[in-house]
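The values are calculated or read from the model by the stated rules, or taken from the named source; none is laboratory data. Please read all numbers here as calculations on a predicted model, not as lab measurements. Backbone-built Cβ (ideal geometry, glycine too); neighbour counts: all protein chains shown. Only protein heavy atoms, including side chains, enter the accessible area calculation; ligands, DNA and RNA are left aside. Shrake-Rupley method; radii C 1.70, N 1.55, O 1.52, S 1.80 Å.
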Amino acid sequence: MVEAQTWTTRRMSNPRLLTLDTNDQLLDIPATPPSDQRNNIIGSNNSNLLTTSLIIASWYFSNIGVLLLNKYLLSFYGYRYPIFLTMLHMLSCAAYSYVAINILHIVPFQQIHSKKQFLKIFALSVIFCFSVVCGNTSLRYLPVSFNQAIGATTPFFTAIFAFLITCKKETAEVYLALLPVVLGIVVSSNSEPLFHLFGFLVCVGSTAGRALKSVVQGIILTSEGEKLHSMNLLLYMAPLAALILLPFTLYIEGNVFDITTEKAKSDPFILFLLIGNATVAYLVNLTNFLVTKHTSALTLQVLGNAKAAVAAVVSVLIFRNPVTVMGMTGFGITIMGVVLYSEAKKRSKVTSH
């Protein structure tokens with residue numbers, strides 16, 4: 001009899017069954033999954049990690065690749081037509097975006113709903129053209145390392161345009177973090193061996209245009225009733241940008257179509273460079289979307305901070321442009337300021353919520 005009671009007590013003390021005093025019900029805690037299910041979960045996590053790693057690697061290669069290809073074409077190969085090159089980028093983005101959305105169905109297709117929405121997209125296309133043309137033009141005169149140092153000041157211009165357009169004020173900590181961003185560029189500029197005033201000015205213009213684009217794009221992507229997915233926005237922006245650039249390339253760069261055709265006849269390698277360059281330019285936009293989708297916008301920002309330093313180092317190794325200790329110090333100060341800015345922005349968002 002004693003043994004029976006003992007057996008009953010042990011049976012009722014099954015750790016998977018907890019007695020609730022209120023309703024005297026039994027709560028069944030799920031059993032540990034079998035080993036094959038655990039292996040499937042681990043395999044799925046490893047697969048997701050591998051996919052994310054490949055996407056981030058693709059983002060790095062495409063971003064740095066398009067910079068190096070642009071520099072090679074415009075400075076070393078002697079193809080001095082930055083506006084036409086930008087127009088090719090836009091045509092490539094339009095064609096690949098159409099395939100990605102309407103054929104591969106990566107994201108659903110969205111239509112433009114109003115004239116007001118179209119005008120916003122048109123304005124964004126103009127800003128986009130200005131930024132990319134200035135960026136490509138600066139690569140004719142400046143090394144990639146200095147170009148990336150100037151480009152790292154984008155948060156400074158973003159904060160200014162966000163305040164002017166949306167009246168958005170940041171915390172004092174965020175504004176203070178921008179001081180080393182500007183200080184680093186001052187130090188780098190004073191010690192840059194290949195400093196070129198025109199190249200510097202158009203690179204600053206490109207950086208300011210990129211910041212203005214991000215602010216306007218944020219308005220379009222988040223506006224209620226006119227919200228567009230970033231890939232759909234690129235689908236509409238790219239052909240508009242190509243049309244905007246066409247008269248400028250014909251007027252400023254003359255018979256660039258005939259010159260390119262003649263170059264292709266004597267050196268077919270130019271076609272490989274142009275097509276490859278335009279394809280990589282689209283991959284920059286595609287991988288931007290994929291990185292944000294598989295990680296977060298904050299991760300993309302952190303990767304962007306590191307990308308500038310990686311691109312600078314790679315360009316110095318490939319093109320052998322001279323660098324100074326003060327130039328590297330200035331670049332380091334700018335990157336440090338960008339990191340501080342990112343951290344200050346993150347803390348201000350947490351505080352506001």
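Brief remarks on what is shown
- Candidates Leu124, Leu73, Leu139, Leu54, filtered to the one that is of a type in the set (A, V, I, L, M) and open to solvent by 20 Å² or more (accessible area, probe 1.4 Å): Leu54
- The single condition from (1) open to solvent by 50 Å² or more (accessible area, probe 1.4 Å); (2) in contact with a Lys or Arg (Cβ under 6 Å, 6 or more places away or on another chain); (3) polar (S, T, N, Q) that Thr154 fails is (1).
- Scanning the stretch 265-281 for residues that are open to solvent by less than 20 Å² (accessible area, probe 1.4 Å) and either hydroxyl-bearing (Ser, Thr, Tyr) or free of Cβ contacts under 8 Å to residues at least 12 places away in the same chain (or both) yields nothing.
- Among residues of the stretch 226-249, those that are open to solvent by less than 20 Å² (accessible area, probe 1.4 Å) and either in contact with a strand residue (DSSP E or B) (Cβ under 9 Å, 6 or more places away or on another chain) or more than 15 Å from Asn102 (Cα to Cα) (or both), counted: 7
- Counting only residues that are open to solvent by less than 80 Å² (accessible area, probe 1.4 Å), touching a residue at least 40 places away in the same chain (Cβ under 8 Å) and part of a helix (DSSP H, G or I), the stretch 183-219 holds 25 of them.
- Top-ranked residue in the stretch 102-160 [being charged (D, E, K, R) and within 18 Å of Leu228 (Cβ to Cβ); ranked as nearest to the chain's Cα centre (by Cα)]: Lys120
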